[in-house]
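The structure appears below as structure tokens.
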Amino acid sequence: MKITLSVNGEERSADVEPRRLLVHLLRDDLGLTGTNVGCDTSSCGACTVLMDGESVKSCTVLAAQADGHEVTTIEGLAALAPARAAVGAGEASGDGDASALHPMQQAFHEQHGLQCGFCTPGMVMAAVSLLAENPHPTEAEVRLGLEGNLCRCTGYHNIVRSVLAAAGELPKSEEVPA
Amino acid sequence: MTATDVGQEKATRGMGARLLRKEDARLLTGEAQYVDDLHIPGALWMGMVRSPFAHARIGNIDASAALAVPGVRHVFTGADLRDSWAAAMPCAWPVTEDMKAPDHWPVAVDKACYVGDIVAVVVADSRYAAVDGVDAVEVDYDPLEAVVDLEDAASDRVVVHEGLGTNRSYTWSLVPDPDAVDRAFADAAHVVRERYLQQRLIPVAMEPRGVAAVPGVYGGDLTVYSATQIPHILKVMITATCGVPESKVRVIAPSVGGAFGSKLNVYAEELIAVALARRLGVPTRWTEGRSENAVATIQGRGQVQDIELAADAEGKITAVRVKLLADMGAYMQLVTPGIPLLGAFLYGGVYDIPAYSFECTGVFTTKTPTDAYRGAGRPEATYAIERAIEALAGEVGVDSAEIRRRNYIPSDRFPYDASSGLTFDSGNYEPTLDRALELVDHDGRRAEQRRRREAGDTKHLGIGIATYVEMCGLAPSRVLASLNYAAGGWEAATVRVLPTGTVQVVSGTTPHGQGHETCWSQIVAEKLGVDPDSVEVLHSDTAISPVGMDSYGSRSLPVGGVAVGMAADRVLDKARKIAAHQLECAEDDLELVDGELRVKGTPTKAMTLQGIAFEAFSAHDLPDGMEPNLAGEVVFDPPNFVFPFGTHVAVVEVDEETGGVELVDYAAVDDCGVQVNPMIVEGQLHGGIVQGAAQALWEEAVYDEDGLLRNPTLTDYCVPSAAEVPNIRLDHTVTPSPTNPLGVKGIGEAGTIVSTPTVVNAIVDALAPLGITDIAMPAAPERVWAAIREAREGQS
């Protein structure tokens, strides 16, 4: 079946099997491989993208269901940022160019909120969606809000800090970890 | 922070700096390429037909319906592929000369020996067609009895591999002085005898495994992309098992999404991809599904542990005696039999123990093979001793902290020759206990605990302590030889200064989340006085980094990072010779300041490292006999393991009404020697602690009596989310290792090694007034609630 959707602000069309999952449309047909697949039961959240601004697990959405909708993946996130975060990337980071990051991506970088990086695109998208709904969450609200996204590397400690930092809610005393 | 810490956290961008990671930008933007992300034109997708039975003879395999599925090209059985293998799948660690192990073929031929054993391979045009094809293959099975329980396996009631005649693969023992052990038990004032069960765990790296094999049609070259920790080892093993000359194989580990030991292996699917790419002359690829991962990737732990402590009247331990039954699963994978041996030396923990006895029997069962999982043998050992010492504390009538203080190896005894035969390089255990107790406000928590107990509160507070030492930095090659391991434990590094001033590091380590690019850059920056941004780190591709032993066993820094530092030293030595030659001074007159070699007292006479590198590159004016180019190459074989240590304290609240256990507070004080990047050390600890706590509280691969895995998905295998875990409070001490010139120790596994007993000790402490002395892992609410109810019924 033929579908047309907006992906990261661009109109894309595809001819897909009715059973094709949105995540496979994004990855295999459109080449947007930043969105990862970590499970087969909609449990891990590695495939989280924004659909019409809200986070969805793209392994649990049929490509056909995305017909006519707007999808944002990790590749398109930085363009969503109100002002591009060129914030101090040069002096803060290593040689990876972090100058074109969304503030949430920048916060994950600064707070060491990622290690292997596989859950990261989904985690970042879920966190962006979380702050869109609740711009000033408590730590407990962040933990609960990210319940659908699993990470095996970080123990979540620095992910939670990243989200709080992006929200401007990291206590001053904690800006440099003890 | 303690007094030994002074000078560690200086604000440089070299060693000790909290430098943000170089790896992050590509991972945060989706630019990183994991195996499944690779665009490989013309690749065929493989799907694995797996046995749904734990133990069954394979009858007729009917592929006709599968071959009729649109997009399915081929179906291969074990018999079809039998001539593809030059050798059976490798086990690199036959722990004893008489170890029994069956031939293990990538595709089973006559019999399937666990749920997940591959019996046929479907090759199709797309990933969807491959799945459809797998569903359509019809296999006749003749089910046999499963072997699930370890003692049942050891009894040989049902033998998994008839040709071996027994399920008992090996018995390995370490009893340096049996008489001393017997005497200690005969003379003991206190003896504790405990049995602990280490449940099987599923590693659950967030990226499932994947492989792609791309043949060069005319040259016969083969490029293999794999989600692996060990591209170098895999390359050798592909040569050995598939009969491809090593000159024709290149292995690349692209971005790898976590591993935790589960990708420290040579897997059937990797070899099948190679065999079929060669047979069909087109690229083949496969990506593991999550539920498939639960049965197809190795699992961890799986031991029955019997531990006995003998102690004098004051609770000073005089001997430790341990007997293990270890679950190998159905086959030996790469290092399956050796995993218990990695713990064999550590059942005495951090304590000064005069007499030691360890014995382990490895048995086959009809379950997924076990192998390395974060900590690998050392979490099991630490769990047993740190639980048993609590039992001893109860026996002697002293508290958890005091029993440890009485038994710690004194700090003035390092390097310490343990009765198990190891020499612990450096240590100072008691300050980590003091600080961890302080971080959780131990006295205040104990007062609160008393208050609740007196008030009959149904929310029981528990405080758990565990102190650990681990041996890591695998490994001195001669020690590996004594353990019958097939390879060495060295690591290679090359440092080159290119004529543009870029410093190129080639490392044999294979990072998969640890941040080697950042840390190796910091080491080089410190050594050469350059900015870490001017350092590039190349790794994980056998064509770029041809020599290496890869990453596992917390070895990357204490072996590989040390090699990088030593190679940088050689670069500096050579640079010094070139500068002395051109500046016409003695080498000793030169000092390294801000990336320049300057003549002392005459700072205008100087050469930058880049300038020296250019001179070495042009080679117009080098000292007589010197080879061009500014490079240093090192292969470092460590003289000993390194021995990180620390104390963790957990505070839990156990709800009597529900059996629920909440982690209220967690403090960890660790010592991994000199820290290259404290931010990364903390990250390793956070993740490790949660992974170990998950064994205590939530995770278990549950097999039924028919050998079926009951919880293969992430909806029922309970990997914790952010909502289940608390903030973790960290502090550290710094006791440098004398084993290597950087003074570093590994930190990748430490958190996991100690957090499991820390949490379980807290739960048992909470329930101690009910007479509960043990709770099986994972301490799920149902299990805790039942234990409380049973204890209450016993009381009434």
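The values are calculated or read from the model by the stated rules, or taken from the named source; none is laboratory data. These figures come from a predicted structure and were not determined experimentally. Every residue, glycine among them, receives a Cβ derived from its backbone with ideal geometry; neighbour counts consider all protein chains shown.
Below are the figures for this structure:
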quantity	calculated
Which listed residue is in contact with a Leu (Cβ under 6 Å, 6 or more places away or on another chain) and closer than 30 Å to B:Glu138 by Cα, from B:Val49, B:Val107	B:Val107
Close pairs (8 angstrom Cβ cut-off, 6 or more residues apart or separate chains): away from chain A (no Cβ under 13 Å) in the stretch B:501-526, surrounded by 24 or more Cβ atoms within 10 Å (Cβ to Cβ) and of a type in the set (S, T, N, Q) anywhere	B:Thr509/B:Ser551; B:Thr509/B:Ser556
Among the residues listed as B:Gly632, B:Gly660, B:Gly707, the single one being closer than 30 Å to B:Ala481 by Cα, more than 14 Å from every other protein chain (Cβ to nearest Cβ) and either surrounded by fewer than 21 Cβ atoms within 10 Å (Cβ to Cβ) or not aliphatic (A, V, I, L, M) (or both)	B:Gly632
So B:Asp417, is it farther than 21 Å from B:Ala766 by Cβ, of a type outside the set (Phe, Trp, Tyr), more than 20 Å from the chain's Cα centre (by Cα) and crowded, with 20+ Cβ neighbours inside 10 Å	no
Index of the failed condition, B:Arg13 passing every other in (1) at pLDDT 95 or above; (2) not in a helix (DSSP H, G or I)	(1)
Filter pass, B:Asp140 being over 28 Å from B:Met328 (Cα atoms) and in contact (Cβ under 8 Å) with a residue 40 or more places away in the chain	no
Failed criterion for B:Val121 (all others in (1) assigned to a loop (DSSP other than H, G, I, E, B); (2) surrounded by 20 or more Cβ atoms within 10 Å (Cβ to Cβ) hold)	(1)
Single match in A:Gly122, A:Gly148, A:Gly117 (criterion: under 21 Å from A:Val49 (Cβ atoms), surrounded by 24 or more Cβ atoms within 10 Å (Cβ to Cβ), modelled with pLDDT of 95 or more and more than 7 Å from every other protein chain (Cβ to nearest Cβ))	A:Gly122
Any hit, the stretch B:459-481, residues being away from chain A (no Cβ under 14 Å), touching a residue at least 12 places away in the same chain (Cβ under 8 Å) and among the acidic types (Asp, Glu)	yes
Residue among A:Ala127, A:Ala165 that alone is out of contact with any Ser or Thr (no Cβ under 6 Å at 6 or more places or on another chain), more than 7 Å from chain B (Cβ to nearest Cβ), crowded, with 24+ Cβ neighbours inside 10 Å and part of a helix (DSSP H, G or I)	A:Ala127
Total residues in the stretch A:117-149, condition in contact with an Asp or Glu (Cβ under 9 Å, 6 or more places away or on another chain) and among the aliphatic types (A, V, I, L, M)	3
Filtered residue count, the stretch B:189-247, keeping only those that are surrounded by fewer than 24 Cβ atoms within 10 Å (Cβ to Cβ), without any contact (Cβ under 8 Å) to a residue 60 or more places away in the chain and part of a loop (DSSP other than H, G, I, E, B)	7
Conditions (1) under 21 Å from the mean Cα position of the chain (by Cα); (2) crowded, with 23+ Cβ neighbours inside 10 Å; (3) assigned to a helix (DSSP H, G or I); (4) of a type outside the set (S, T, N, Q): number failed by B:Val274	(1)
Residue match in the stretch B:490-497 (condition: part of a loop (DSSP other than H, G, I, E, B) and either within 30 Å of B:Ala227 (Cβ to Cβ) or touching a residue at least 12 places away in the same chain (Cβ under 8 Å) (or both))	yes
Breaking point among (1) more than 13 Å from chain A (Cβ to nearest Cβ); (2) more than 27 Å from B:Lys459 (Cβ to Cβ); (3) not in a strand (DSSP E or B), for B:Asp670	(3)
Residue in the stretch B:635-645 that is more than 30 Å from B:Val469 (Cβ to Cβ) and either buried (at least 20 other Cβ atoms within 10 Å of the Cβ) or assigned by TED's automatic domain parsing to the domain that holds B:His732 (or both) present	no
Test: B:Val282 is surrounded by fewer than 24 Cβ atoms within 10 Å (Cβ to Cβ), under 21 Å from B:Val49 (Cβ atoms) and more than 14 Å from every other protein chain (Cβ to nearest Cβ)	yes
All positions within the stretch B:34-68 that are within 11 Å of another protein chain (Cβ to nearest Cβ) and surrounded by fewer than 15 Cβ atoms within 10 Å (Cβ to Cβ)	B:His39
